[in-house]
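Just so it is clear, none of the values below were taken in a lab; they were calculated from the coordinates. Everything numeric in this text was worked out from a predicted model, so none of it was measured. Glycine gets a Cβ as well: all are built from the backbone with ideal geometry, and neighbour counts include every protein chain shown.
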Amino acid sequence: MQKQDKKSEKTAAPISEEKRQKKMQVRKKLKYGGIATAVTVIFVAVVVLLNVVVAQVCKRNPDAVLDLTTANLYEISDDTVDYIKNLDQDVEIAISSEESTFQSDKYYKMISETISKYQGYSDHISVTYFDTTKDPDILSKYQDLYAGDISSNQIIVTSGDRIKVYSLTDMFEIDQDKYQSYYYGYASLSDCITGFKGEQTLTTAIMNVTDSNPKSVAVITKSNGNYIFSATQANAYAVTAMENLLNDNGYDVKELDMVNDTLDAETYDIVVLPAPANDLTMDAIKKLQDFLQNDGNLGKQLIYVADYTQSVTPNLDAFLKDWNLQVDSSYVREDDNNRNQTVQIVASAGKGLIAPIVSLGDSENYGGNLANSSLPIVAPLARPIQKLPSNNGRVVYNLLQSSDTSYAYPLTQQASSGEDTTESASEESQEATEAATTETAATTSFDTDSAVRGANTVMALSQSQQSTGSDLIESDVIVLGSMAMMDYYLTQDSSYNNAEYFIGVLNSVCGKEDSIVIASKDMAATSISATQTQLVTLRTIVVFLIPLAVAAAGIVVFLRRRNR
């Protein structure tokens, strides 16, 4: 019996030891597995926490976010940053869409990222996303302030009882020719987008809704239903560009018909008269005179834009003469090639047009507050403006003028014959008119060599001032010598000062706070640039080295665990 017990003990001992080893192995696996799991959980938690912290830091400190696009699509300018940081009024930016939906589209995401930066720079800016169907109370709040209809995917900017509402297309530069194809279903919207102007639109909106002295502009585009200016593509684009420029800089713009609408001095502060192709009637002249006189209170401005496409205008000329101004029937050319610039404008049909570079005139009070005065101001096809002597108390300032080596070249009979071009011109007549811009006076016998050289004014200001006790009131007439000075391409191109100078002068004259002229960002270049060698190196690292490193690490871990 004892022998049998001893045998049992001998056979039981190895089994017990084997079980013990297995248990030890299980414990090791659990130990290392638990540690690995704990490390993984901790690592994931740290990554998530770090992500949240970085997101919050970037939200409150937009400068911490890197913009790697070549066009800096997500950056905002120093001018905007300075303005936003100094805001002293609360501004609400509302997007009529759920945030997740709004950020699912790449174009909407560009807008939302830009808006987020605005919020990061100022505690006075709040951002709200809402669904027009799920949040009717929020929609009603904004709809009560807005005369139009607010729909989904719109950007709403409010402060107090002032409101501006924008659609997607308001945030981007749109190719108008391609947009026609999109309108008829032959192209996508992305095909039409050429530039991003989200910063320009948002900054302008904030300036507009917080402006304590808003200005309203009436642009006279029609007379008795017909376009008042020569219906060329160049003129139509220039008028649109001027309206957009005014809108983008905080002016409330509305188009009027000279005959059918009322030019009310109580409603409007500024009137724009864009190059009437034919002379104005005496009734129209009286409307302008009454507007500027404002029942003796003055305080109004008229912007008159002359152009080579106009016919003879004796009534309008007499009105200008009363303001000590005269627009000659010629256009300015420049002898000195160093004072010329080849520009792309709508009228040049992509061929380029030589335009004089002009400089500031004799008034330091109207320098336009240019951020970069080294950028040129050009005056394509600009008619010279003469200052007439008079004792009527009105003072004329030469704002922009050409150099002493420039001269005035007479316009053709085509441009001064008085033929009616206010009706919709045919495509052939438009091409013929715009082709004339490259050689406007080909049919004359003018001797260029004998032409008188000297400075020619291409933008002037006439002031009528009155003293009312301790106050000084005034009305003003600003004259530009060319519609092409406000050409669509020139006002959109940040390498010219045409737009900034125009807005700067208008702000000074009408007493409006300085605006910020912001160039659009080109959508054609939005990726990170890299050489072919850099691309090959990056491909090698991503496709081969990183996977090999991960595989090697996996093999090492596997072998170490197997040998334990």
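Brief remarks on what is shown
- Proximity of backbone amide H atoms, modeled 1.01 Å from N, is registered between ILE228 and LYS222, SER223 at under 5 Å, excluding neighbours fewer than 5 places apart on the same chain.
- For the peptides 140-149, 274-283, the ranking by packing is 274-283, 140-149, with the highest mean count of neighbouring Cβ atoms within 10 Å listed first.
- When both bridge partners sit in the stretch 216-510, DSSP labels roughly 65% of those beta bridges antiparallel.
- In sequence order, calculated HN-Hα J values of the stretch 370-380 (Karplus, 6.51, -1.76, 1.60; Hz; x Gly/Pro): 6, 5, 9, 6, 6, 6, x, 10, 10, 10, x
- Highest average first, the peptides 202-215, 315-328 ordered by how many other beta carbon atoms sit within 10 Å of their residues are 202-215, 315-328.
- Separation of the THR468 and VAL556 label points, Cα + 7 Å toward Cβ, nm: 8.5 nm
- When the Cα gyration tensor is reduced to axis lengths a ≥ b ≥ c, the ratio a/c is 1.5 or higher for the stretch 159-256, and with a/b not above b/c it is classed as oblate.
- Signed unit charges on C-beta, dipole axis of the stretch 216-510, positive-most listed residue SER450, GLN386, LEU353: SER450
- Long pairs among LYS321/LYS387; LYS141/LYS215; LYS178/LYS222, criterion Cα-Cα beyond 19 Å: LYS141/LYS215; LYS178/LYS222
- Each residue of the stretch 453-461 was assigned a 3J(HN,Hα) from its phi angle through the Karplus expression (A = 6.51, B = -1.76, C = 1.60, θ = phi - 60°), giving 8, x, 5, 10, 6, 10, 8, 9, 10 Hz with x at Gly and Pro.
- The Cβ shell under 9 Å around PHE291 holds other residues with a net charge of 0, Lys and Arg each +1, Asp and Glu each -1.
- Dimensionless Rg over Rh [the stretch 216-510; C-alpha; Kirkwood]: 0.94
- Distance distribution note for the stretch 270-344: the fraction of Cα pairs above 14 angstrom is 69%.
- Modelled label reach - ASP131, point 7 Å along Cα→Cβ, the stretch 81-112 residues with backbone N closer than 16 Å: 95-104
- Global geometry of the stretch 189-319, whether rounded, prolate or oblate, following the gyration tensor of its Cα atoms and the 1.5 cut on a/c: oblate
- Residue-wise HN-Hα coupling along the stretch 478-489, computed from phi with Karplus coefficients 6.51, -1.76, 1.60 (Hz; x: Gly, Pro): 9, 10, 9, x, 7, 5, 5, 5, 10, 4, 3, 6
- Rounded Å value of the spacing that divides the Cα centres of the stretch 147-162 and the stretch 247-294: 28 Å
- Annotation: amide H of SER97 within the under-5 Å range of PHE130, ASN153, sequence separation 5 or more or interchain, hydrogens built in the peptide plane.
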